[in-house]
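Below is one structure, written out as structure tokens; the observations come after it.
Every number here is computed from the coordinates shown, using simple stated rules; none is lab data. Please read these numbers as outputs of a predicted model, since none were measured by experiment. As a convention, Cβ positions derive from the backbone with ideal geometry for all residues, glycine included, and neighbour counts pool all protein chains shown.
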Amino acid sequence: MAGDDTRMLLLGAVALFEPVNGYQIRRELMSWQVDQWANINPGSIYHALTSLSEKSHLTRHDLVDNGRTVAVYEISDSGRAELERLVTRSLEAVDAYHGVSFYAGFSLMPLLERPAAVRHLSVRLKNLERTIKELDAAARVNARMAPPHTVAGLHLQIDKLRAERSWLVEVLDDVRSGKHFFAGDAPGWVPADDDPGWQMDADRKRYREMLRR
């Protein structure tokens with residue numbers, strides 16, 4: 001799963017910002033603090049980009065930009081298919097003890113069209129409710145058979161899932177009512193004036209011109 005989450009984040013970041021160079025992808029993902037919550041080693045990002053290019057999930061262009069050669073990446077059709085598969089699974093599947101995959105998929109929600117986001121999150125809500133019922137039943141059984149501290153730990157996981165369910169109901173209401181922004185929507189958020197994203201946007205436009213030549 002850790003490998004899938006890393007692949008999903010890299011493919012998603014390229015899809016969000018393409019065409020984009022490796023340094024920009026690394027800087028962007030580090031600004032998401034993926035080294036802390038997704039266990040992605042900053043030094044492994046360039047290797048992962050190369051690996052995804054070798055698998056034809058990314059297309060690499062070696063461009064000469066201001067006198068130096070820079071590797072610029074775009075996502076391929078196979079990469080988009082793989083990204084869709086990974087995001088769908090991460091948004092819909094519920095793991096009672098590990099939430100990293102969902103957090104990673106949720107961070108890529110702007111790549112989805114709004115109806116797809118509603119569909120995936122609705123499936124997750126049903127899966128959450130089923131998991132809560134299953135763990136509630138397990139807790140009742142364990143209350144008679146397991147040490148008290150074990151039962152208390154199980155109740156912690158149940159409470160976390162219930163909190164996520166309440167949060168998810170609110171998020172779904174917001175998405176259905178037109179809040180947040182998705183593929184095809186006007187961005188609902190603008191970076192600060194000193195945000196590196198503005199330079200990334202300028203580079204993206206220049207890379208597109210270079211690739212059209």
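Quick notes on this one:
- Charge dipole (Cα centre; +1 on Lys/Arg Cβ, -1 on Asp/Glu Cβ; no other charges) of the chain amounts to roughly 480 debye.
- Chymotrypsin sites (Phe, Trp or Tyr not before Pro) lying in DSSP loop within region 160-199, provided at most 12 other Cβ fall within 10 Å: W189
- Label positions at N127 and Q36, each projected 7 Å from the Cα along the C-beta direction, are separated by 2.7 nm.
- Projecting the Cα atoms of N142, G99, H120 onto the charge dipole of region 91-153 (Cβ charges, centred on the Cα centre) puts N142 farthest toward the positive pole.
- Separation of region 49-70 and region 1-46, taken as the distance between their Cα centroids, equals 15 angstrom.
- Each peptide in 47-54, 35-42 receives the mean, over its residues, of other Cβ atoms within 10 Å, and ordering these scores from highest gives 47-54, 35-42.
- Extension gain, A81-A186: 0.36 nm per intervening residue step, less the Cα-Cα distance, totals 35.4 nm.
- Listed residues G153, G22, G197, most fluctuating in the chain (Gaussian network, C-alpha, under 10 Å): G153
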